[in-house]
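Sharing a structure below in structure tokens format, with a few things to ask.
The values are calculated or read from the model by the stated rules, or taken from the named source; none is laboratory data. Note that the structure is a prediction, hence the values are computed from the model and not measured. For neighbour counting, all protein chains shown are included, and Cβ atoms are generated from backbone atoms with ideal geometry for every residue, glycine included.
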Amino acid sequence: MPVTHHWLKEPGPRLQGSRDLDSSKCQAPCIVRNPSGGFRLFYTAVGPGKPFPSCQGYILSAVSEDGLFFQTEPGIRLAPHPELPHMSLRILAPTVTRINDGGWRMYFESRGTADRPTVICSAISRDMLSWELEDGIRLQGPERTGGPRFSPLPDGRGRLYCFGQVPNPGDQRTTKGVISAVTNDGLHFTFEAGYRIKERQTTYDSGGVTAAEAIPPQGGQDSWSMVYSAWQDVPPGTKVPLHPSHDVNAVTTGSSEDFAAASIATDMAGYRSRIFMAYSADGLVWSRGECAIEGDGYHGNDLDGVHAEDMSVIHLGAGKYRMYYAACDQAGNWRIASAISNGPTT
């Protein structure tokens, strides 16, 4: 019998734009415990304080004692490198894990110009404040690969769940969804065969899947749970403005100065996103479950009325979990929201 989670939204945002670095858009959180106590929240942001004109996003952080009230930390944790073609414009969707030397490694989605596939890269840190980019690309598929979420495995390896396509010479690159790759050293990854979840199997994921995080067995349970975010496509006949990250002319000439406004216009063109559950006995073969987080729509008042996606889950102990996720309301405001679960039940 599958292990299930029942999520209850917590009132108010955990974080919203409050300064030139993040006033335009806050998305894709990652929650981590601070060794000294409390929590650190990494998140993707963009605002007028961006480090160079064509920059489309970077990673910031905020800290909290209780996991509910966060104070932003000054500066940028990690920014794109204009001289690197695969990460010249935007980095997003961080996931952080402890490494053997006592430091930390961050994996993140990396974007260059629209004619290049997105990839996953990494950086390391001793204090979670100053991050040093590691050379090379950690994971690259045939087309877009992104939205990474890292899970340590009981045998000492690690697994990255992400969206993308499994490299396969016989695949015509029409299959997409949640895929995974494993590593022994944190730097070199091998794709695992098949798809953890194929997208575009229902109405609710007709626009694709953006991220998936696995929750390993806890407290004597032997089943895995997963939260994943899926987009529902726009109604038939809807005219959708071109997203600036897909516009080669805009990102190469710098003509898209207000990246956030242009991307939000696409977000609000009729798409919806929600967070769903999935269940597995081994972390590889997954069965879809119920909707975990859903807003009240374009005419509602919820913080996540239109979009709920790109979540990060932390185990609080005693069978309790908190999920942080990107939320967008009917006015196009992106914030970080949260939901609490009293833990798995069967």
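How many residues are part of a loop (DSSP other than H, G, I, E, B) and free of Cβ contacts under 8 Å to residues at least 60 places away in the same chain when one looks only at the range 203-216?
Number satisfying all stated conditions: 1.
Only residues that are out of contact with any Leu (no Cβ under 8 Å at 6 or more places or on another chain) and modelled with pLDDT of 95 or more: list them for the range 100-109, please.
Residues satisfying the conditions are Gly103, Trp104, Arg105.
Specify the residue that is surrounded by the most Cβ atoms within 10 Å (Cβ to Cβ); the eligible residues are those in the range 172-187 that are without any contact (Cβ under 8 Å) to a residue 40 or more places away in the chain and assigned to a loop (DSSP other than H, G, I, E, B).
Among those residues, the one meeting the criterion is Lys176.
Quick one: Gln218 ticks every box in (1) at pLDDT below 95; (2) over 25 Å from Val32 (Cβ atoms) bar one, so which box is it?
(2)
Is there any pair linking a residue in the range 20-46 that is free of Cβ contacts under 8 Å to residues at least 24 places away in the same chain to one that is aliphatic (A, V, I, L, M) and not in a strand (DSSP E or B), with Cβ under 9 Å and at least six apart or on different chains, and which?
Every condition considered, the pairs that remain are Pro35/Met128.
With the range 92-159 as the region, which strands (runs of 3 or more DSSP E) entirely inside it contain at least 1 residues that are within 15 Å of Ser61 (Cα to Cα) and small (Gly, Ala, Ser)?
Correct list: 119-125.
A further question on this structure: If a residue has to be surrounded by 24 or more Cβ atoms within 10 Å (Cβ to Cβ) and in contact with a helix residue (DSSP H, G or I) (Cβ under 8 Å, 6 or more places away or on another chain) to count, how many in the range 16-30 make the cut?
Of the residues in the range 16-30, 1 are surrounded by 24 or more Cβ atoms within 10 Å (Cβ to Cβ) and in contact with a helix residue (DSSP H, G or I) (Cβ under 8 Å, 6 or more places away or on another chain).
Let me ask something additional. Looking at Asp296, Asp282 in this structure, which one is in contact with an Asp or Glu (Cβ under 6 Å, 6 or more places away or on another chain) and either surrounded by fewer than 17 Cβ atoms within 10 Å (Cβ to Cβ) or assigned to a strand (DSSP E or B) (or both)?
Matching residue, one of Asp296, Asp282: Asp296.
If you take the residues in the range 31-47 that are out of contact with any helix residue (DSSP H, G or I) (no Cβ under 6 Å at 6 or more places or on another chain) and of a type in the set (A, V, I, L, M, F, W, C), which one is surrounded by the most Cβ atoms within 10 Å (Cβ to Cβ)?
Initial filter on the range 31-47 (out of contact with any helix residue (DSSP H, G or I) (no Cβ under 6 Å at 6 or more places or on another chain)): 31-45, 47.
Checking the rest, the ones that are also of a type in the set (A, V, I, L, M, F, W, C) come to 31-32, 39, 41-42, 45.
On the way: Ile31: 22, Val32: 20, Phe39: 21, Leu41: 24, Phe42: 25, Ala45: 28.
My answer is Ala45.
The rows are residues; the columns are (1) surrounded by fewer than 15 Cβ atoms within 10 Å (Cβ to Cβ); (2) hydrophobic (A, V, I, L, M, F, W, C); (3) free of Cβ contacts under 8 Å to residues at least 40 places away in the same chain; (4) touching a helix residue (DSSP H, G or I) at 6+ places or on another chain (Cβ under 8 Å).
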| position | (1), (2), (3), (4) |
| --- | --- |
| Leu78 | no, yes, no, no |
| Gly102 | yes, no, yes, no |
| Thr145 | no, no, yes, no |
| Gly156 | yes, no, yes, no |
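With the checklist (1) crowded, with 20+ Cβ neighbours inside 10 Å; (2) more than 15 Å from the chain's Cα centre (by Cα); (3) not aromatic (Phe, Trp, Tyr) in hand, flag the one item Cys328 doesn't pass.
For Cys328, the exception is condition (2).
Any chance the range 179-187 includes a residue that's modelled with pLDDT of 95 or more, within 19 Å of Met87 (Cα to Cα) and out of contact with any Gly (no Cβ under 6 Å at 6 or more places or on another chain)?
Yes: the range 179-187 contains one or more residues that are modelled with pLDDT of 95 or more, within 19 Å of Met87 (Cα to Cα) and out of contact with any Gly (no Cβ under 6 Å at 6 or more places or on another chain).
Got at least one residue in the range 48-58 being in a strand (DSSP E or B) and either at pLDDT 95 or above or surrounded by 16 or more Cβ atoms within 10 Å (Cβ to Cβ) (or both)?
Yes, the range 48-58 contains at least one residue that is in a strand (DSSP E or B) and either at pLDDT 95 or above or surrounded by 16 or more Cβ atoms within 10 Å (Cβ to Cβ) (or both).
Now for a different question. Restricting to the range 143-157, name every residue that is in contact with a Lys or Arg (Cβ under 9 Å, 6 or more places away or on another chain), farther than 18 Å from Ser225 by Cβ and modelled with pLDDT of 95 or more.
Within the range 143-157, Gly146, Pro148 meet the criteria.
Checking Asp310 against (1) part of a strand (DSSP E or B); (2) surrounded by fewer than 17 Cβ atoms within 10 Å (Cβ to Cβ); (3) at positive phi, which test does it fail?
Asp310 satisfies all of (1) part of a strand (DSSP E or B); (2) surrounded by fewer than 17 Cβ atoms within 10 Å (Cβ to Cβ); (3) at positive phi except (2).
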